[in-house]
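Report on the following structure.
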Amino acid sequence: GAGVSQSPSNKVTEKGKDVELRCDPISGHTALYWYRQSLGQGLEFLIYFQGNSAPDKSGLPSDRFSAERTGGSVSTLTIQRTQQEDSAVYLCASSPRTGALTQYFGPGTRLLVL
Amino acid sequence: KQEVTQIPAALSVPEGENLVLNCSFTDSAIYNLQWFRQDPGKGLTSLLLIQSSQREQTSGRLNASLDKSSGRSTLYIAASQPGDSATYLCAVPSPQGGSEKLVFGKGTKLTVNP
């Protein structure tokens, strides 16, 4: 079956612009995660959605970052007023339920802020 | 706060060698530990997951061990092949907020030379 998909695969933007990154989880997966992988850094947790529960936003680095998950499926990560330090690979993952043993990752969106 | 460290950061070996990748974590109260593989431009693929009650897991030429008390895990790759070239990441669930968030090491970049 189809895995986690993300779009766009690459995004180049100018400092100060807003960007939207999209994630389509595996069908039926109720949990969705966003991570960020900066150059030379490990993957950092950003935000977690589980069903209709309030999302865990504890990893979002600033109020310029926000995410939505509509209809319990597709998710959009929005970065407002982008800064050069936002340049990174943004990875989305999904899992069938809370506490599932593994998360399935998408290919990521490579964001470059000039 | 859970911290995950991977050593070495990079490793280059000739084809056919057996090798060991190391992972250490600071908080031993983990549910499980996972090893992932990341190929350039692609997402993460889960290789092995070790439950906290287990000491090792094997899949083909891969063997992962876990020593919770010392906060260490190793990934052993037997008879390495050029196709094994990738970045290997280990991850543990964050002790804060349940098992949903993963804390990753920065990875070991492996190059297997033909």
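How many of the residues in region B:93-114 are surrounded by fewer than 20 Cβ atoms within 10 Å (Cβ to Cβ) and at pLDDT 85 or above?
5
Any idea which of B:4, B:13 is among the hydrophobic types (A, V, I, L, M, F, W, C) and within 14 Å of chain A (Cβ to nearest Cβ)?
It is B:4.
Scan region B:39-53 and give yes if some residue there is without any contact (Cβ under 8 Å) to a residue 24 or more places away in the chain, farther than 17 Å from residue A:105 by Cβ, in a strand (DSSP E or B) and not aromatic (Phe, Trp, Tyr), otherwise no.
Checked against the condition, which is being without any contact (Cβ under 8 Å) to a residue 24 or more places away in the chain, farther than 17 Å from residue A:105 by Cβ, in a strand (DSSP E or B) and not aromatic (Phe, Trp, Tyr), region B:39-53 yields at least one hit.
Test residue A:39 against the stated conditions and say whether it is part of a loop (DSSP other than H, G, I, E, B) and under 13 Å from the mean Cα position of the chain (by Cα). Don't jump to the end; show me each part of the working.
Details: part of a loop (DSSP other than H, G, I, E, B): yes; under 13 Å from the mean Cα position of the chain (by Cα): no.
No, not satisfied.
Can you say whether residue A:37 is within 27 Å of residue B:106 (Cβ to Cβ), within 10 Å of another protein chain (Cβ to nearest Cβ) and touching a Leu at 6+ places or on another chain (Cβ under 7 Å), as far as the supplied structure shows?
For residue A:37, the condition - within 27 Å of residue B:106 (Cβ to Cβ), within 10 Å of another protein chain (Cβ to nearest Cβ) and touching a Leu at 6+ places or on another chain (Cβ under 7 Å) - is met.
Determine which member of the set A:87, A:75, A:66, A:62 is under 21 Å from residue B:39 (Cβ atoms) and away from chain B (no Cβ under 14 Å).
Result: A:87 is the single residue among A:87, A:75, A:66, A:62 that is under 21 Å from residue B:39 (Cβ atoms) and away from chain B (no Cβ under 14 Å).
Are any residues in region A:25-59 crowded, with 20+ Cβ neighbours inside 10 Å, under 26 Å from residue B:10 (Cα atoms) and either at pLDDT below 90 or of a type in the set (Asp, Glu) (or both), and if so, which ones?
The one that is crowded, with 20+ Cβ neighbours inside 10 Å, under 26 Å from residue B:10 (Cα atoms) and either at pLDDT below 90 or of a type in the set (Asp, Glu) (or both): A:42.
When you go through (1) at pLDDT below 95; (2) closer than 14 Å to residue A:91 by Cα; (3) surrounded by fewer than 20 Cβ atoms within 10 Å (Cβ to Cβ) one by one for residue A:8, which number turns out not to apply?
(1)
Could you tell me which residue of region A:8-28 is farthest from the other protein chains (Cβ to nearest Cβ), considering only residues that are under 15 Å from the mean Cα position of the chain (by Cα) and within 16 Å of residue A:104 (Cα to Cα)?
A:22
Which condition number in (1) over 11 Å from the mean Cα position of the chain (by Cα); (2) more than 27 Å from residue A:8 (Cα to Cα); (3) of a type in the set (Gly, Ala, Ser) is the one that residue B:85 fails?
The number of the failed condition is (2).
Rundown of residues vs (1) in contact (Cβ under 8 Å) with a residue 24 or more places away in the chain; (2) under 26 Å from residue B:5 (Cα atoms), yes/no style:
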| site | (1), (2) |
| --- | --- |
| A:13 | yes, no |
| A:56 | no, yes |
| A:69 | yes, no |
| A:90 | yes, yes |
| A:102 | no, yes |
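The values are calculated or read from the model by the stated rules, or taken from the named source; none is laboratory data. From a predicted model like this one, the values you see are computed outputs, not experimental measurements. Cβ atoms come from the backbone with ideal geometry, glycine included; neighbour counts cover every protein chain shown.
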